[in-house]
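Single-structure report; data block below.
The values are calculated or read from the model by the stated rules, or taken from the named source; none is laboratory data. Given the structure is predicted, the values throughout are model-derived calculations rather than measurements. Quick reminder, even Gly has a Cβ in these numbers, built from the backbone with ideal geometry, and neighbours come from all protein chains shown.
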Amino acid sequence: MAEKSFVREVVRGIIKDNPVFVLVLGLCPTLAVTTSFANGLGMSFAFAFVLLGSNFFVSLIRKIIPSGVRIPIFLLIICTFVTMVDMLLEAYLPPMYEALGIFVPLIVVNCIVIGRAEAYANRNSVIFSIADAIGISIGYLLVLLLIGSIRELFGTGKIQFVMLMVKGGVPGFYPIGEVSIPIAPATVMITPAGAFFTIATLMLLIKIIGDRKRMMQLKKEGVEL
Amino acid sequence: MIETPGYLPTEALFPIVVDAMFTKNFLLVMFLGLCSYVGLTTSSETSKGMSMAVTFVMTMSAILTWPIFYYLLKPNKLMFLQTICFILVIASFVQLVEFIIHRYSPALYRSLGIYLPLISTNCAVLGVVLLNVKEDFTYGASIVYAFGAGLGYSWVMLATAAIREKLIMRGVDRFSGFIGAFFAAMMMALIVVSYFGVVKL
């Protein structure tokens, strides 16, 4: 097996351990808040903040956590960061706080955060835990942006790209451009059915590509099918 | 003087139940508890156990958390602690129930107990208690809402398990895993949103 390095851990989090498509965890916010590009971005920033904080602290104190009560301790650590991000959003980004609703406090029970604390941060050094958090967060961000973009594009006919910036001392998600397509918008993509449809189709595509790749591999090895 | 929304429901209860079960179904419309949805709908047996456990824990946590929020957190201006407080209450309650039924009813433990540890981190349960305080429900209405949400969760779990079992029986390999569950959810979400969207309550 290849040597562990910071960069390699980050890349593994994005592709091989992609939280949504490979691990199939953390589905609730993935589907609920991805009605638009902007909401997907806001959610993944909040998520990245919590995951970085919890991975860092869990791996810092991993040697003194008694294994019998580790889950409640993880929950308390995660909860602290979630409360922080909840208050920060309410104070500085009220529109985003309104849009995300109860899904910010619900990061506490997001299976990805608990899963990473249990499966990774509890067993690895601080530096690798941070790498893992960065990788998983980027992987999550990409999935949320992908689903958000698809739903916004087909549901409203255009995507409004935004970025987190500070303008005149006021932080906020400011528009940086938009893309539109000349088709009639299908409102069903914004509804819950559209969310299920998008993720099911994406998973089906990934499965078909994966199957084909495996078939090629077998053919290369000379296996008769 | 402690101010609460009151005990006896002043809201109309029928719309609350229909909302919780269909129009704002936890799995299909609000997207809460999806991890257990894709993970445990592989057979009717497991989804039955999970549905019963979730409905029970949801109702009980609504009963427990309402007084805590209005008599402990709100008068002391500790509302920012609600998330941490609710999750501790739910987790300890679930643990307690597990101990009790493990001790007194091995049969019930076999059918229900194994699902209980999964529930303390189920977002549907935390979601229902957070929504109860967000909507300022009275005590009665919050219990009714939680029970309705549990029933809504149950019918979707059971229906999906049935669909997935049929798919496996017919040998539709490609659609039998997560993907089949998501397509089934899409169909049901379409039905729920468009059918109940027509009826104004």
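Would you check which residues across the range A:116-127 are assigned to a helix (DSSP H, G or I) and either crowded, with 20+ Cβ neighbours inside 10 Å or of a type in the set (D, E, K, R) (or both) and list them?
Start the filter on the range A:116-127 by keeping residues that are assigned to a helix (DSSP H, G or I), which leaves A:116-121, A:126-127.
Of everything in the range A:116-127, those that are assigned to a helix (DSSP H, G or I) and either crowded, with 20+ Cβ neighbours inside 10 Å or of a type in the set (D, E, K, R) (or both) turn out to be A:Arg116, A:Ala117, A:Glu118, A:Tyr120, A:Ala121.
Out of the residues in the range A:115-143 meeting the condition of being among the aliphatic types (A, V, I, L, M) and under 12 Å from A:Phe47 (Cα atoms), tell me which one is nearest to the other protein chains (Cβ to nearest Cβ). Quick ask: steps written out before the conclusion?
The first filter runs over the range A:115-143 and keeps only residues among the aliphatic types (A, V, I, L, M), leaving A:117, A:119, A:121, A:126-127, A:130-131, A:133-134, A:136, A:138, A:141-143.
With under 12 Å from A:Phe47 (Cα atoms) added as a condition, the list becomes A:133-134, A:136, A:138, A:141.
Numbers: A:Ala133: 19, A:Ile134: 23, A:Ile136: 16, A:Ile138: 21, A:Leu141: 19 Å.
The qualifying residue nearest to the other protein chains (Cβ to nearest Cβ) is A:Ile136.
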Margin query: Take B:Val94 and tell me if it is within 14 Å of chain A (Cβ to nearest Cβ), in contact with a Phe, Trp or Tyr (Cβ under 8 Å, 6 or more places away or on another chain) and of a type outside the set (Asp, Glu).
Written below: no
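Can you tell me how many residues within the range A:38-84 are away from chain B (no Cβ under 14 Å) and either not in a helix (DSSP H, G or I) or not small (Gly, Ala, Ser) (or both)?
Within the range A:38-84, the first condition is being away from chain B (no Cβ under 14 Å), and the residues that meet it are A:38, A:41-42, A:44-45, A:48-49, A:51-53, A:55-67.
Next, only the ones that are either not in a helix (DSSP H, G or I) or not small (Gly, Ala, Ser) (or both) stay: A:41, A:45, A:49, A:51-52, A:55-58, A:60-66.
Summing the residues that are away from chain B (no Cβ under 14 Å) and either not in a helix (DSSP H, G or I) or not small (Gly, Ala, Ser) (or both) in the range A:38-84 gives 16.
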Notebook entry, point to check: Looking at A:Val179, is it within 20 Å of A:Ala38 (Cα to Cα) and within 14 Å of chain B (Cβ to nearest Cβ)?
Noted result: no
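Residue-by-condition table, conditions (1) among the hydrophobic types (A, V, I, L, M, F, W, C); (2) surrounded by fewer than 23 Cβ atoms within 10 Å (Cβ to Cβ); (3) closer than 23 Å to B:Leu118 by Cβ:
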position	(1), (2), (3)
A:Ala32	yes, no, yes
A:Phe45	yes, yes, no
A:Ala48	yes, yes, no
A:Ser59	no, no, no
A:Met84	yes, yes, no
A:Leu88	yes, yes, no
A:Leu93	yes, yes, no
A:Ala99	yes, yes, no
Next item on the list: Assess whether A:Leu141 counts as being part of a helix (DSSP H, G or I), within 17 Å of the chain's Cα centre (by Cα) and at pLDDT 90 or above.
Entry: yes
Item checked: Scope the range B:6-28; condition in a loop (DSSP other than H, G, I, E, B) and more than 13 Å from the chain's Cα centre (by Cα); matching residues -> B:Gly6, B:Tyr7, B:Leu8, B:Pro9, B:Thr10, B:Glu11, B:Ala12
Check: Just to be sure, is B:Gly49 assigned to a helix (DSSP H, G or I), within 13 Å of chain A (Cβ to nearest Cβ) and surrounded by fewer than 24 Cβ atoms within 10 Å (Cβ to Cβ)?
Finding: no
Next item on the list: Collect the residues in the range A:184-225 that are more than 20 Å from the chain's Cα centre (by Cα), within 14 Å of chain B (Cβ to nearest Cβ) and not in a helix (DSSP H, G or I), keeping them in residue-number order.
Entry: A:Ala186, A:Thr191
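If you go through the range B:164-174 one residue at a time, do you hit one that is among the acidic types (Asp, Glu) and part of a helix (DSSP H, G or I)? Outline the logic, then answer.
Filtering the range B:164-174 for residues among the acidic types (Asp, Glu) gives B:165, B:173.
Okay, now just the ones that are also part of a helix (DSSP H, G or I), so B:165, B:173.
Yes; the residues of the range B:164-174 include at least one that is among the acidic types (Asp, Glu) and part of a helix (DSSP H, G or I).
Criterion first (within 14 Å of chain B (Cβ to nearest Cβ) and either loosely packed, with under 13 Cβ neighbours inside 10 Å or hydroxyl-bearing (Ser, Thr, Tyr) (or both)) does A:Thr156 satisfy it? Reasoning before the result, please.
Working: within 14 Å of chain B (Cβ to nearest Cβ): no; either loosely packed, with under 13 Cβ neighbours inside 10 Å or hydroxyl-bearing (Ser, Thr, Tyr) (or both): yes.
Here the answer is no, as A:Thr156 does not meet what is asked.
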Item checked: Qualifying residues in the range B:52-91 (those that are outside any helix (DSSP H, G or I) and away from every other protein chain (no Cβ under 13 Å)) - the one nearest to B:Ala146 (Cα to Cα) -> B:Lys74
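Results for (1) touching a residue at least 60 places away in the same chain (Cβ under 8 Å); (2) within 23 Å of B:Thr23 (Cβ to Cβ); (3) outside any strand (DSSP E or B), shown as yes or no for each residue.
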site: A:Glu152; (1), (2), (3): yes, no, yes
site: A:Ile159; (1), (2), (3): yes, no, no
site: A:Ile176; (1), (2), (3): no, no, no
site: A:Pro182; (1), (2), (3): no, no, yes
Note to self: Looking at the range B:160-182, can you tell me whether even one residue there is of a type outside the set (Ser, Thr, Tyr), touching a residue at least 40 places away in the same chain (Cβ under 8 Å) and within 8 Å of chain A (Cβ to nearest Cβ)?
What the structure shows: yes
